[in-house]
Amino acid sequence: MASTDTLLIYGSYGYTGDLVVQRALGAESGPGAATPEEADGAGESAGVGGIDAEVVLAGRTPERLEEQAVEYDCPARAFTLEHSGAVERNLEGVDAVLNCAGPFVRTADPLVDACLATGTDYLDITGEIDVFESLATRDAEAEGAGATLLPGVGFDVVPTDCLAAHLADALPDATRLAVGFQAAGSVSPGTLRTAVESIGEGGAVRREGRITGVPADYRTPEIDFGRGPTRAVTIPWGDVATAYRSTGVPNVEVYAAVPDRAIGVLRATDRLAPLLAREWVRGALSAIVDRTVIGPDPEERERGAAYVWGEITDGEATYEARLTTPEPYALTALTAVESARRALAGDAPDGYRTPSTAFGADYVTEFAGVERADARPVDAPTALSVGERADGAGDQ
C-alpha cells in the first residue's frame, strides 16, 4: 500500500466514528493500543498502531467536522448524501470509504452508488440486515467497477461472522446455525438511533435460505456464552444476512443475552408496533437519545469484554465454539481500521464480501484481546433444539 492512499471516514465525528479516527491515526488508548515498540513495527496483532494512508474526515455537519479536523490535524470534507454528483465529487482522490454514519439503511446506498461510479472500495460498520441484503445484490456491479463492498466490519459482524465460518469448517454439511453474544455496558447514540429505526418491527431469522419475520421474543433459550447459562432471545442481527453467504447454511438464528424481565418488554413492542412505527414517535425517541446518551467511557472500553457463542448441526452431529473479545466499541475500532487497511492494500477481493469471505474465518483471532475456544462436538444443541409454539413464538 502506497502512503498516498486515501481513506475517507464518513460520520467521523460520531461516537464510534471518532474512535475509528483515533485508531486510524494511531492516537487511541485502551485495548489494542500500540506500545512504542509496536508503533515502530514490532507488533504482531492486527489493528495495532495507525494506518499508512491519508485520513480524510467527512460528514454532513461542517461545524463538528471543523472542530474534529483541528483536533486531529486532518483534512475534512463536509457533504450530505442527497445529491449523487456532490457525493461523487467528494470521493475524488479517495481509495476507500469507511462509513460510520448510521442508520446505514439511510447512508449506505448513496455512498455505495458513488463508490461504484468512482471505483472506490466501500466498508461500513452496519449490523442492519436490509443493508447487507441490498449490497449483496450489487456483487457483480462491484466486481465490474473493480471495487470491494465490505459492510459489517465492526463488532457487527466480524466476531460472529468469523465464528460462524469457523463452525462451518468443522461441519461442512450443516443445515442449522446459531450464533449469539453477551456484552454488558452502555451503548452509543448512533447504535440507539439505529435501534429506534427498527423498533416495533419484530425479529428475523433465516429459514431454508429465506429471511423470515418472527415475533420479537421468537425463541428465548438459556445459553452459556462463556460465563454460565443465561437467558437469551433471537434478535434481527446482521448475521441473519451474512452467515448464509459466509457458510451456505440455510437456517440461521442470532441470539443476544438479556435479563428475564426484558422478554416482557419485547412482547410489548410487538403489541405496540403500529404506534412505534409512526415517524413522530421515532423522531421523539431519537431526540431523547441525542440529548441523553453518551456511550461507553474510556474505562468501560478498557475493562469491558464480550462473549460470543455459536453452534451448528447437520441433524446428527453438533459442534459449538466460543470467543472472548474486547468491549464491542473497542473491537469495532480495531476491526474497522484493519479491514480498511487490508482493502487499501488490495487484500480484499472485488465484489460483495463478508468479513470471513474477505479475510478468512480466523480473521477475528488476529486481534489483541480475542481468544477462541475452537469448535468441538457436543451431545445436543442448546438453542437449535428449542421448538416453536403454535403462535409462532419461541418456547421458554
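For the subset of region 139-177 comprising residues that are assigned to a strand (DSSP E or B) and under 19 Å from the mean Cα position of the chain (by Cα), which member is farthest from GLU366 (Cα to Cα)?
LEU177
Within region 51-65, work out how many residues are assigned to a loop (DSSP other than H, G, I, E, B) and farther than 15 Å from ALA343 by Cα.
Total satisfying the criteria: 2.
So, ALA383, is that one in a loop (DSSP other than H, G, I, E, B) and modelled with pLDDT under 95 or not?
Against the criterion (in a loop (DSSP other than H, G, I, E, B) and modelled with pLDDT under 95), ALA383 qualifies.
Before we move on, is GLY295 in the same structural domain as PHE225 (by TED's automatic domain parsing), under 23 Å from VAL153 (Cβ atoms) and modelled with pLDDT under 95?
For GLY295, the condition - in the same structural domain as PHE225 (by TED's automatic domain parsing), under 23 Å from VAL153 (Cβ atoms) and modelled with pLDDT under 95 - is met.
List every residue pair whose Cβ atoms sit under 7 Å apart, with the two residues 6 or more apart in sequence or on different chains, where the first one lies in region 203-217 and is in the same structural domain as VAL240 (by TED's automatic domain parsing) and the second, anywhere, is of a type in the set (Phe, Trp, Tyr).
Cβ pairs passing all conditions: GLY203/TYR218; VAL205/TYR218; ARG206/TYR244; GLY209/TYR244.
Return the pairs, sorted by first residue and then second, in which the second residue is modelled with pLDDT of 90 or more and of a type in the set (Phe, Trp, Tyr), the first residue lies in region 14-35 and is farther than 15 Å from VAL55 by Cβ, the beta carbons are less than 8 Å apart, and the residues are 6+ apart or on different chains.
TYR15/TYR329; THR16/TYR329; GLY32/PHE367
Residue-by-condition table, conditions (1) within 15 Å of the chain's Cα centre (by Cα); (2) modelled with pLDDT of 65 or more; (3) of a type in the set (Asp, Glu):
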{"residue": "VAL179", "(1), (2), (3)": "yes, yes, no"}
{"residue": "GLY200", "(1), (2), (3)": "no, no, no"}
{"residue": "ARG210", "(1), (2), (3)": "no, yes, no"}
{"residue": "ASP217", "(1), (2), (3)": "no, yes, yes"}
{"residue": "GLY238", "(1), (2), (3)": "yes, yes, no"}
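Just the residues that are of a type in the set (D, E, K, R), surrounded by fewer than 24 Cβ atoms within 10 Å (Cβ to Cβ) and not in a strand (DSSP E or B), please, taken from region 230-249.
The one that is of a type in the set (D, E, K, R), surrounded by fewer than 24 Cβ atoms within 10 Å (Cβ to Cβ) and not in a strand (DSSP E or B): ARG245.
Looking only at region 223-260, how many residues end up being in contact with a Lys or Arg (Cβ under 6 Å, 6 or more places away or on another chain), under 15 Å from GLY310 (Cα atoms) and not hydrophobic (A, V, I, L, M, F, W, C)?
4
Go through region 301-327 and give me each residue that's aliphatic (A, V, I, L, M), surrounded by fewer than 22 Cβ atoms within 10 Å (Cβ to Cβ) and farther than 16 Å from ASP169 by Cβ.
ALA305
Looking at ALA2, is it modelled with pLDDT of 95 or more and either in contact with a Lys or Arg (Cβ under 8 Å, 6 or more places away or on another chain) or of a type in the set (A, V, I, L, M, F, W, C) (or both)?
Here the answer is no, as ALA2 does not meet what is asked.
Among the residues of region 363-376, are any closer than 27 Å to ARG138 by Cβ, more than 20 Å from the chain's Cα centre (by Cα) and touching a residue at least 60 places away in the same chain (Cβ under 8 Å)?
Checked against the condition, which is being closer than 27 Å to ARG138 by Cβ, more than 20 Å from the chain's Cα centre (by Cα) and touching a residue at least 60 places away in the same chain (Cβ under 8 Å), region 363-376 yields no hits at all.
Exactly one condition in (1) under 19 Å from SER12 (Cβ atoms); (2) modelled with pLDDT under 95; (3) surrounded by 21 or more Cβ atoms within 10 Å (Cβ to Cβ) is not met by GLY26; state its number.
Condition not satisfied by GLY26: (3).
Which of the numbered conditions does VAL252 fail, given that it passes all the others? Conditions: (1) more than 16 Å from ALA184 (Cβ to Cβ); (2) part of a loop (DSSP other than H, G, I, E, B).
Result: VAL252 passes all but (2).
Do you know which residues across region 302-324 are outside any strand (DSSP E or B) and touching a Gly at 6+ places or on another chain (Cβ under 8 Å)?
GLU302, GLY304
For ARG227, which of the numbered conditions (1) in contact with a Phe, Trp or Tyr (Cβ under 8 Å, 6 or more places away or on another chain); (2) modelled with pLDDT under 95; (3) in a strand (DSSP E or B); (4) not β-branched (Val, Ile, Thr) fails to hold?
Failed condition: (3).
The values are calculated or read from the model by the stated rules, or taken from the named source; none is laboratory data. Since this is a predicted model, take the numbers as computed values, not measurements. All Cβ positions, even for glycine, are placed from backbone atoms using ideal geometry, and neighbour counts span all protein chains on display.
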